[in-house]
1. Among the listed residues 276, 248, 272, 243, identify the single one that is surrounded by fewer than 23 Cβ atoms within 10 Å (Cβ to Cβ) and within 16 Å of the ligand (Cβ to nearest atom).
2. Of everything in segment 127-145 that's assigned to a loop (DSSP other than H, G, I, E, B) and over 22 Å from residue 179 (Cα atoms), which residue is farthest from the ligand (Cβ to nearest atom)?
3. Starting from segment 93-104, keep only residues that are farther than 9 Å from residue 280 by Cα and touching a residue at least 60 places away in the same chain (Cβ under 8 Å), then list their pairs with residues that are within 6 Å of the ligand (Cβ to nearest atom) and in a helix (DSSP H, G or I) whose Cβ atoms are within a distance under 8 Å, requiring at least 6 positions of separation or different chains.
4. Being within 16 Å of the ligand (Cβ to nearest atom) and within 11 Å of residue 125 (Cα to Cα) is the filter here; which residues of segment 151-189 pass it?
5. Which residues, counting only those in segment 212-227, are within 15 Å of the ligand (Cβ to nearest atom) and either at pLDDT below 95 or in contact with a strand residue (DSSP E or B) (Cβ under 9 Å, 6 or more places away or on another chain) (or both)?
6. Evaluate the following for residue 124: is it at pLDDT 95 or above, within 16 Å of the ligand (Cβ to nearest atom), touching a strand residue (DSSP E or B) at 6+ places or on another chain (Cβ under 7 Å) and not in a helix (DSSP H, G or I)?
7. Does segment 97-115 contain at least one residue that is touching a strand residue (DSSP E or B) at 6+ places or on another chain (Cβ under 6 Å) and either modelled with pLDDT under 95 or not in a helix (DSSP H, G or I) (or both)?
8. Which of the residues spanning segment 17-50 are surrounded by 14 or more Cβ atoms within 10 Å (Cβ to Cβ), part of a helix (DSSP H, G or I) and in contact with a helix residue (DSSP H, G or I) (Cβ under 8 Å, 6 or more places away or on another chain)?
Ligand SMILES: Cc1ncc(COP(=O)(O)O)c(C=O)c1O
């Protein structure tokens, strides 16, 4: 396509763009698994108004935009508070779960280079269910990834994980909950082991960070997964998932600034002047930070807990419905709203395909062959 020669009428152009969406995911109808976290028109209105208000701001320069600096600092400290962090917990906002995980691994790598120079080939130990963001970060950062098969209950196998740690291990990670099956790994046990061995421990709470604390308040059985566990040294939690913030918002938290200091990047010899940035991105959408701040303050514990209640009740209906069909079976014991199911007799991918004709979007899983859904969307 050629770069347009002439300017166009804005109304006509925007109308044309509206039509582009005809075949997109029908997220308003609550039939999508995990791509859009729609929490109602009132939330959407608050977030998009805040976003538009700060549309052109740039989070790269706190001096130019103290408003963004303030909101980012508050989102970080509110998230730390939600996840039982004390006053030493520090962090940053990133563009999403992948960037938060990347930063955590980069921090671990650079910390090991500084403190343990004898480690020439650093590795991290993770369960096989961990999100591929870890594979990606290890690939970019030249860290060896030791993936350990999960147990029969689909959770990280603590003993196997512990046995896989060696003298080059710089970090252990686990999920709360994991993406494929929605189960929480044995974080308390693994993090205590990591502490004993003086190894960093990262909790991937990208999915659960803004959901599990509220489910817990409702009385559901949620094991500890956050900074209430001593050995936990970093947590990733995505505002753009169950925080209902705009796409492009996540928080990476560290137990203290002694660990976080390895995250920063500073270039001192550029002709453009001193250049420093805390995360991977250079310019950052101040609008996304503003949207995150707005939604957290709009909903508060009260609003998030109400949403979590509806989500869990809806998930229960899905799970009961699936369990009532003889040929289908839920995998493991999902801890939150993400669950997966399979069939011993039927082709589960075909079921997913037929469901997609009715606008349902299920995720195809493998190892074992199954499909998953996220019960929040229909709430
Ligand atoms: C458990 C978990 N970790 C990490 C990620 C990566 O997050 P993002 O897609 O925002 O980069 C996801 C995404 O679904 C996830 O579910």
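The values are calculated or read from the model by the stated rules, or taken from the named source; none is laboratory data. Since this is a predicted model, take the numbers as computed values, not measurements. Every residue, glycine among them, receives a Cβ derived from its backbone with ideal geometry; neighbour counts consider all protein chains shown.
1. Details: 276 fails: within 16 Å of the ligand (Cβ to nearest atom); 272 fails: within 16 Å of the ligand (Cβ to nearest atom); 243 fails: surrounded by fewer than 23 Cβ atoms within 10 Å (Cβ to Cβ).
On inspection, the qualifying residue turns out to be 248.
2. Of the residues in segment 127-145, the ones assigned to a loop (DSSP other than H, G, I, E, B) are 128-132, 142-143.
If we keep only those that are over 22 Å from residue 179 (Cα atoms) as well, we get 142-143.
Values: 142: 20, 143: 17 Å.
Within segment 127-145, the match that is farthest from the ligand (Cβ to nearest atom) is 142.
3. What qualifies is 97/133; 101/133.
4. Correct list: 156, 171, 172, 173, 174.
5. First, the residues of segment 212-227 that are within 15 Å of the ligand (Cβ to nearest atom): 212, 225-226.
Once the filter is applied, which keeps residues that are within 15 Å of the ligand (Cβ to nearest atom) and either at pLDDT below 95 or in contact with a strand residue (DSSP E or B) (Cβ under 9 Å, 6 or more places away or on another chain) (or both), segment 212-227 yields 225, 226.
6. Working: at pLDDT 95 or above: yes; within 16 Å of the ligand (Cβ to nearest atom): yes; touching a strand residue (DSSP E or B) at 6+ places or on another chain (Cβ under 7 Å): yes; not in a helix (DSSP H, G or I): yes.
Yes.
7. Initially, segment 97-115 is screened for residues touching a strand residue (DSSP E or B) at 6+ places or on another chain (Cβ under 6 Å), giving 97, 100-101, 103-104, 108, 112.
In the following step, the residues that additionally are either modelled with pLDDT under 95 or not in a helix (DSSP H, G or I) (or both) were identified as none.
Among the residues of segment 97-115, not one is touching a strand residue (DSSP E or B) at 6+ places or on another chain (Cβ under 6 Å) and either modelled with pLDDT under 95 or not in a helix (DSSP H, G or I) (or both), which makes the answer no.
8. 43, 46, 47, 48, 50 - these are the residues of segment 17-50 that are surrounded by 14 or more Cβ atoms within 10 Å (Cβ to Cβ), part of a helix (DSSP H, G or I) and in contact with a helix residue (DSSP H, G or I) (Cβ under 8 Å, 6 or more places away or on another chain).
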